[in-house]
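Student: Below is the structure I would like to discuss, written out as structure tokens.
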Amino acid sequence: MQECGQNWEEVKSSLLQARSKDLPYERVLSSMCTYPHPVAIEAHNMFIESNMGDYGLFMGTYELEKQVLGMLGDLLHNSCPYGYLTTGGTESNIQAVRAMINSSQSIKKPNIIVPSSAHFSFDKISNILKIDVRKARILPNLAVDTGHVSSLIDKSTIGLVGIAGSTEFGQVDPISELSKIALDNNIFLHVDAAFGGFVLPFLNEHIPFDFSLPGVTSVAIDPHKMGMSTIPSGALLFREKKMLDSLKVETPYLTINSQFTLTGTRSGASVAATYAVMKHLGKEGYRKIVDRCISLTQLLIKETKSIGLSPVIDPVMNIIALYVPDPRKIREELALNYGWQVSITKEPSSIRLVIMPHMTEETILSFVRDLNIVINQSASSTRLENDKIFVNRTSK
Ligand code: PLP
């Protein structure tokens with residue numbers, strides 16, 4: 001840090017320089033985040049100094065948080081949820097598992113069972129909480145094999161995790177079956193709906209995944225993904241108060257006596273942003289956003305089929321994985337030559353596209369054009385390489 005401060009113009013110019021290196025979302029098909037709704041941005045700025053880590057000083061923001069929890073509870077079929085707004089899916093998942101552990105003190109070496117498709121936050125959980133995270137197989141449709149889940153349960157299993165919208169493929173695990181297994185074994189069931197939580201309630205098809213299923217004990221849902229709020233905005237909801245209470249620590253120097261949260265200082269701006277966008281859009285507004293993303297997803301499927309590509313699974317939500325030859329190379333070429341950002345999946349190997357609200361019909365069509373060129377070029381360069389190898393071998 002330099003001794004004397006710079007004037008704002010100088011600082012701003014460095015900021016603008018840095019910002020010019022950030023990618024705008026228009027060609028980003030790899031992210032589960034998007035431009036926040038303008039209402040969320042305005043509310044965020046209004047509450048920029050609010051610290052929910054000491055909400056006794058910010059009772060107004062705290063009331064907004066309670067209202068957000070109520071709205072999320074309504075969306076997830078829980079009329080009286082216990083929870084709080086987190087920094088995102090990772091924190092919600094950590095806290096859900098921490099609550100399972102704290103509520104199962106008699107189990108000495110506890111384990112949980114998660115689908116092998118679970119987000120990498122569960123690898124962090126295993127490391128931080130020193131719990132055995134067992135990975136259950138997934139079926140060819142990329143949803144968890146509930147038979148394998150059952151077979152992994154033993155006397156030290158304290159909970160299961162189901163994914164409602166897997167990160168890579170957007171698949172939803174059979175949460176109804178997991179709910180039954182959890183009830184039969186008297187263990188917890190956390191649903192990671194970080195992405196799907198703001199999609200599934202607005203689809204035409206009814207896919208059960210939330211507190212309407214009696215075995216579900218907690219749900220993670222992220223307003224900063226399809227909820228159109230600002231970053232960081234996640235949420236963790238419990239069915240029972242005692243689970244939230246199990247996270248309590250005393251906070252003697254604050255205006256409040258205790259905290260349930262993982263972080264101390266916590267953004268009130270995100271709380272206000274989430275409140276504002278949920279109030280402003282209502283279910284009708286979110287339904288329109290999801291409808292549009294699903295229509296664009298279908299358009300992308302139709303267009304990519306017309307150039308000979310097939311999806312790994314029929315998309316359940318606005319996430320598509322496409323089989324392409326050499327996905328890693330295709331990803332690189334798309335980024336290098338056309339500025340498109342796509343991600344790749346591990347197993348099966350494919351390119352992954354998330355159709356977020358910032359996508360448009362034009363961007364989809366122009367992406368498919370570029371993808372077609374990249375695939376054809378890559379195929380002809382591979383042919384050329386093979387021909388060279390053949391000529392070299394035969395001329396020896
Ligand atoms: N859970 C799922 C299903 C996700 O897709 C993600 C992120 O992509 C997370 C959890 C982690 O969320 P965050 O990055 O907000 O911590």
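The values are calculated or read from the model by the stated rules, or taken from the named source; none is laboratory data. A quick note: this is a predicted structure, and the numbers were derived from the prediction, not measured. Here the Cβ is made from the backbone with ideal geometry for all residues, glycine too, and neighbour counts use every protein chain on show. Accessible surface areas use protein heavy atoms only, side chains included; no ligands, DNA or RNA. Shrake-Rupley method; radii C 1.70, N 1.55, O 1.52, S 1.80 Å.
Student: Residue by residue through segment 130-151, note down the ones that are of a type outside the set (Ser, Thr, Tyr), more than 19 Å from Glu347 (Cβ to Cβ) and buried (at least 17 other Cβ atoms within 10 Å of the Cβ).
Tutor: Ile131
Student: Answer yes or no: is there a residue in segment 290-297 that is open to solvent by 60 Å² or more (accessible area, probe 1.4 Å), at pLDDT 95 or above and among the basic types (Lys, Arg).
Tutor: Yes, segment 290-297 contains a residue that is open to solvent by 60 Å² or more (accessible area, probe 1.4 Å), at pLDDT 95 or above and among the basic types (Lys, Arg).
Student: Quick check on Ala118: is it of a type in the set (Gly, Ala, Ser) and part of a helix (DSSP H, G or I)?
Tutor: Taking the combined requirement at face value, the residue does not satisfy it.
Student: With Tyr55, Tyr62 as the choices, which residue is away from the ligand (no atom under 16 Å from the Cβ), assigned to a helix (DSSP H, G or I), in contact with an Asp or Glu (Cβ under 8 Å, 6 or more places away or on another chain) and at pLDDT 95 or above?
Tutor: Unique residue meeting the criteria: Tyr55.
Student: Give the number of residues within segment 184-227 that are more than 14 Å from the ligand (Cβ to nearest atom) and out of contact with any Phe, Trp or Tyr (no Cβ under 6 Å at 6 or more places or on another chain).
Tutor: 20
Student: State whether the residues of segment 62-76 include one that is of a type in the set (Asp, Glu) and open to solvent by less than 40 Å² (accessible area, probe 1.4 Å).
Tutor: yes
Student: Limited to segment 71-102, what total is found for residues that are under 23 Å from Ile158 (Cα atoms), touching a strand residue (DSSP E or B) at 6+ places or on another chain (Cβ under 8 Å) and more than 16 Å from the ligand (Cβ to nearest atom)?
Tutor: Summing the residues that are under 23 Å from Ile158 (Cα atoms), touching a strand residue (DSSP E or B) at 6+ places or on another chain (Cβ under 8 Å) and more than 16 Å from the ligand (Cβ to nearest atom) in segment 71-102 gives 6.
Student: Counting just the residues of segment 152-168 that are of a type outside the set (A, V, I, L, M, F, W, C) and within 13 Å of the ligand (Cβ to nearest atom), which one comes out surrounded by the fewest Cβ atoms within 10 Å (Cβ to Cβ)?
Tutor: Residue satisfying both the conditions and the ranking: Glu168.
Student: Tell me which of these Asp291 doesn't satisfy, since it passes every other one: (1) in contact (Cβ under 8 Å) with a residue 40 or more places away in the chain; (2) part of a loop (DSSP other than H, G, I, E, B); (3) of a type in the set (Asp, Glu).
Tutor: All conditions pass for Asp291, except number (2).
Student: Please indicate, with yes or no, whether at least one residue in segment 373-381 is modelled with pLDDT under 95, among the hydroxyl-bearing types (Ser, Thr, Tyr) and open to solvent by less than 20 Å² (accessible area, probe 1.4 Å).
Tutor: yes
Student: So which residues in segment 1-21 are open to solvent by 100 Å² or more (accessible area, probe 1.4 Å) and among the charged types (D, E, K, R)?
Tutor: Glu3, Glu9, Arg19, Lys21 - these are the residues of segment 1-21 that are open to solvent by 100 Å² or more (accessible area, probe 1.4 Å) and among the charged types (D, E, K, R).
Student: What is the one condition in (1) at pLDDT 95 or above; (2) over 20 Å from Asp210 (Cα atoms) that Thr146 does not satisfy?
Tutor: (2)
Student: Still on this structure, I have one more. Select from segment 92-112 the residues that are open to solvent by 10 Å² or more (accessible area, probe 1.4 Å) and closer than 27 Å to Ile231 by Cβ and list them in ascending order.
Tutor: Answer for segment 92-112, where residues must be open to solvent by 10 Å² or more (accessible area, probe 1.4 Å) and closer than 27 Å to Ile231 by Cβ: Ile94, Arg98.
Student: Residues that are more than 16 Å from the ligand (Cβ to nearest atom) and under 14 Å from Ile41 (Cα atoms): does segment 245-268 have at least one?
Tutor: Checked segment 245-268: at least one residue is more than 16 Å from the ligand (Cβ to nearest atom) and under 14 Å from Ile41 (Cα atoms).
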